[in-house]
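A.B. asks: Supplied in structure tokens, the structure appears directly below.
The values are calculated or read from the model by the stated rules, or taken from the named source; none is laboratory data. All of these numbers come straight from a predicted model, not from anything done at the bench. Positions of Cβ are generated from backbone atoms using ideal geometry, with glycine treated the same way; all protein chains shown enter the neighbour counts. Areas reflect the complete protein model, heavy atoms only, side chains present, ligands, DNA and RNA absent. Shrake-Rupley method; radii C 1.70, N 1.55, O 1.52, S 1.80 Å.
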Amino acid sequence: MAAWVVLGAGGHARSVVDVLERAGHRVVAVAGDAGGRDWHVEALETDVDALDRAEADGLEVAVAIGSNPARLRLLREIAERDLAAPPVVAATATVAPHAHLGAGVVVLEHAHVGPAAVLGTAVVVNTAAVVEHDCSVGEGAHIAPGAVLLGAATVGAGTLVGSGARVLPGVRVGSGATVGAGAVVTTDVPDGVTVVGAPAREPRPTTDPGGRL
């Protein structure tokens with residue numbers, strides 16, 4: 001089995017390290033701000049330290065950071081160094097043989113990626129999330145726990161689909177958008193827009209009792 005270094009030392013890294021170790025891989029070190037967490041493996045201070053270790057020791061690299069832009073930036077740095085960042089897929093997840101997973105993709109416990117789905121670089125399909133057949137998920141996007149993309153839905157680069165949200169078949173969510181937890185997306189969402197509710201809409205501005213925004 002492979003030996004790995006994991007970029008990230010927070011809660012998401014906990015999940016990724018667990019997936020790797022339960023699959024029989026060896027995690028040599030994690031890197032970054034542990035936020036007071038104790039680790040059973042070496043904790044390096046910086047991502048540069050971790051990438052240097054990976055180069056020196058021939059380690060594979062996983063990026064376990066919740067921030068979409070940061071995760072994608074690190075995957076680009078990994079590619080520039082010609083290091084390996086293969087997809088990480090939990091043993092309890094199901095990935096169709098004809099799905100495509102880009103570099104640095106993470107598919108966590110009990111998640112599903114259907115046939116002909118395409119996941120770009122640095123995508124996270126979190127615990128029990130579903131990316132159904134023919135879906136497309138852009139680089140650096142995060143499909144949060146329990147979220148579901150139904151057949152042929154499209155999610156743009158850097159977008160967050162919140163926990164328990166649903167994107168209906170064939171619907172497109174643009175790049176840099178946010179779908180709130182539990183939302184049901186029935187119509188296309190433009191780039192950079194946040195939607196909430198069922199059916200999902202942009203939040204309305206609220207006013208105080210004096211009528212001010």
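A.B. asks: What about Val123, is it open to solvent by less than 50 Å² (accessible area, probe 1.4 Å) and of a type in the set (A, V, I, L, M)?
C.D. replies: yes
A.B. asks: What do you reckon, is Arg166 more than 20 Å from Leu101 (Cβ to Cβ) and under 19 Å from the mean Cα position of the chain (by Cα)?
C.D. replies: In short, yes.
A.B. asks: Among the residues in region 20-27, are any under 13 Å from the mean Cα position of the chain (by Cα) and either of a type in the set (A, V, I, L, M, F, W, C) or open to solvent by 60 Å² or more (accessible area, probe 1.4 Å) (or both)?
C.D. replies: no
A.B. asks: In region 13-31, what count of residues is obtained for those that are closer than 15 Å to Leu74 by Cα and part of a helix (DSSP H, G or I)?
C.D. replies: The number of residues fulfilling the criteria is 1.
A.B. asks: While we're on this one: I need a count of the residues in region 180-199 that are farther than 14 Å from Leu150 by Cβ and in a strand (DSSP E or B).
C.D. replies: Selection size over region 180-199: 4.
A.B. asks: Within region 106-115, can one find any residue that is open to solvent by 40 Å² or more (accessible area, probe 1.4 Å) and of a type in the set (Val, Ile, Thr)?
C.D. replies: no
A.B. asks: A further question on this structure: From Ala70, Ala34, Ala50, grab the single residue that is in a loop (DSSP other than H, G, I, E, B), surrounded by 14 or more Cβ atoms within 10 Å (Cβ to Cβ) and out of contact with any Asp or Glu (no Cβ under 8 Å at 6 or more places or on another chain).
C.D. replies: Ala34
A.B. asks: Restricting attention to region 137-179, and to residues there that are in a loop (DSSP other than H, G, I, E, B) and of a type in the set (Val, Ile, Thr), which single residue is surrounded by the fewest Cβ atoms within 10 Å (Cβ to Cβ)?
C.D. replies: That would be Val171.
A.B. asks: Within the set of pairs 6+ apart or on separate chains, which have a first residue in region 74-88 that is free of Cβ contacts under 8 Å to residues at least 60 places away in the same chain and under 16 Å from Gly140 (Cβ atoms), a second that is loosely packed, with under 15 Cβ neighbours inside 10 Å and of a type in the set (S, T, N, Q), and C-beta atoms under 6 Å apart?
C.D. replies: none
A.B. asks: Could I ask something else about it? Of everything in region 37-47, what is open to solvent by less than 50 Å² (accessible area, probe 1.4 Å) and either within 14 Å of Ile78 (Cα to Cα) or not in a loop (DSSP other than H, G, I, E, B) (or both)? Give them in sequence order.
C.D. replies: Once the filter is applied, which keeps residues that are open to solvent by less than 50 Å² (accessible area, probe 1.4 Å) and either within 14 Å of Ile78 (Cα to Cα) or not in a loop (DSSP other than H, G, I, E, B) (or both), region 37-47 yields Leu44, Asp47.
A.B. asks: Right, here's the next one. Can you pull out every residue in region 1-12 that is in a strand (DSSP E or B) and over 21 Å from the mean Cα position of the chain (by Cα)?
C.D. replies: Selection gives Ala3 alone.
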